[in-house]
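The values are calculated or read from the model by the stated rules, or taken from the named source; none is laboratory data. Computed from a predicted structure; not experimentally measured. Here the Cβ is made from the backbone with ideal geometry for all residues, glycine too, and neighbour counts use every protein chain on show.
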Amino acid sequence: MENILVIYAHPYPQSFAHAVLDEAVRALEEKHAEYNVIDLYADGFDPRYSAEELALFSQGQTLDPLVTRYQGLIDKATALVFISPIWWSDVPSIIKGFVEKVMKQKWAYESTGRGVKGKLGHIRRVKVFTTSTSPTFYLRLFCGNAVNKVFLGASMKQLGIAKRDWVNLGQVAASADRRREHLQRVHRDVAALCG
């Protein structure tokens with residue numbers, strides 16, 4: 001059975017990203033899926049490294065109890081779903097900080113003579129839903145395509161996750177019809193993760 005871990009990052013509960021989270025949870029509930037939600041802002045997650053925390057980096061250890069809890073949820077997950085806005089053409093810094101602080105050496109990956117070897121191969125898929133006022137083609141063609149190239153194509157790949165997909169829900173301010181279509185897409189895509 002699939003175990004879906006949703007990682008959500010938006011501080012404003014009335015945001016469209018929160019509507020995306022609600023729709024994803026609705027799809028998971030309808031499928032009777034096993035799932036957990038990490039709400040980085042509600043949890044008060046601090047994405048910054050302290051000097052003490054950084055001193056433990058090479059040993060793959062942490063002083064942050066949230067990091068330990070998140071790693072336990074990732075250990076059980078078979079798929080990750082990230083939900084966030086696009087800010088400055090990329091995912092917010094709290095998402096990058098989540099990857100930097102939670103995906104510890106020796107636990108999520110190891111350094112070898114041939115580069116980084118991911119240790120999270122039990123996660124079969126990662127799906128990223130972002131919301132933006134910009135159209136998707138603009139982010140892909142004129143803003144560096146950071147989500148595909150860096151977040152998925154480098155970071156998630158280096159963790160050993162084979163299937164990686166980004167869905168940008170663009171032009172969210174355009175119309176209520178567009179937002180409704182976006183939510184229908186989220187529902188279909190999340191339901192499909194459940195098999």
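The residues on offer are 153, 97, and the sole one that is at negative phi, under 13 Å from the mean Cα position of the chain (by Cα) and small (Gly, Ala, Ser) is 97. Restricting 100, 110 to residues that are in contact with a Pro (Cβ under 9 Å, 6 or more places away or on another chain) and acidic (Asp, Glu) narrows the list to 100.
Has region 85-102 got any residue that is of a type outside the set (Gly, Ala, Ser), surrounded by fewer than 17 Cβ atoms within 10 Å (Cβ to Cβ), at pLDDT below 95 and farther than 30 Å from residue 191 by Cβ? Yes, region 85-102 contains a residue that is of a type outside the set (Gly, Ala, Ser), surrounded by fewer than 17 Cβ atoms within 10 Å (Cβ to Cβ), at pLDDT below 95 and farther than 30 Å from residue 191 by Cβ.
For residue 81, the criteria (1) in a strand (DSSP E or B); (2) out of contact with any strand residue (DSSP E or B) (no Cβ under 6 Å at 6 or more places or on another chain); (3) surrounded by 16 or more Cβ atoms within 10 Å (Cβ to Cβ) hold in every case but one, which is (2).
Residue-wise test of (1) more than 22 Å from residue 185 (Cβ to Cβ); (2) surrounded by fewer than 19 Cβ atoms within 10 Å (Cβ to Cβ); (3) basic (Lys, Arg); (4) in contact (Cβ under 8 Å) with a residue 40 or more places away in the chain.
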residue	(1), (2), (3), (4)
18	no, yes, no, no
31	no, yes, yes, yes
36	yes, yes, no, yes
43	yes, yes, no, no
52	yes, yes, no, no
57	yes, yes, no, yes
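A residue that is within 14 Å of the chain's Cα centre (by Cα), among the charged types (D, E, K, R) and in a helix (DSSP H, G or I) occurs nowhere in region 165-187. If you check 2, 30 for being of a type in the set (Asp, Glu) and at pLDDT below 95, only one passes: 2. Every condition in (1) surrounded by 13 or more Cβ atoms within 10 Å (Cβ to Cβ); (2) closer than 17 Å to residue 83 by Cα is met by residue 192 except one, and the failing one is (1). The set of residues in region 136-164 that are of a type outside the set (A, V, I, L, M), part of a helix (DSSP H, G or I) and surrounded by 14 or more Cβ atoms within 10 Å (Cβ to Cβ) comprises 136, 138, 140, 148, 151, 153, 155, 157, 158.
Determine if region 81-90 includes at least one residue that is over 16 Å from residue 182 (Cβ atoms), free of Cβ contacts under 8 Å to residues at least 12 places away in the same chain and not aromatic (Phe, Trp, Tyr).
There is no residue in region 81-90 that is over 16 Å from residue 182 (Cβ atoms), free of Cβ contacts under 8 Å to residues at least 12 places away in the same chain and not aromatic (Phe, Trp, Tyr).
Polar (S, T, N, Q), touching a helix residue (DSSP H, G or I) at 6+ places or on another chain (Cβ under 9 Å) and touching a residue at least 12 places away in the same chain (Cβ under 8 Å), is that true of residue 145? It is false that residue 145 is polar (S, T, N, Q), touching a helix residue (DSSP H, G or I) at 6+ places or on another chain (Cβ under 9 Å) and touching a residue at least 12 places away in the same chain (Cβ under 8 Å).
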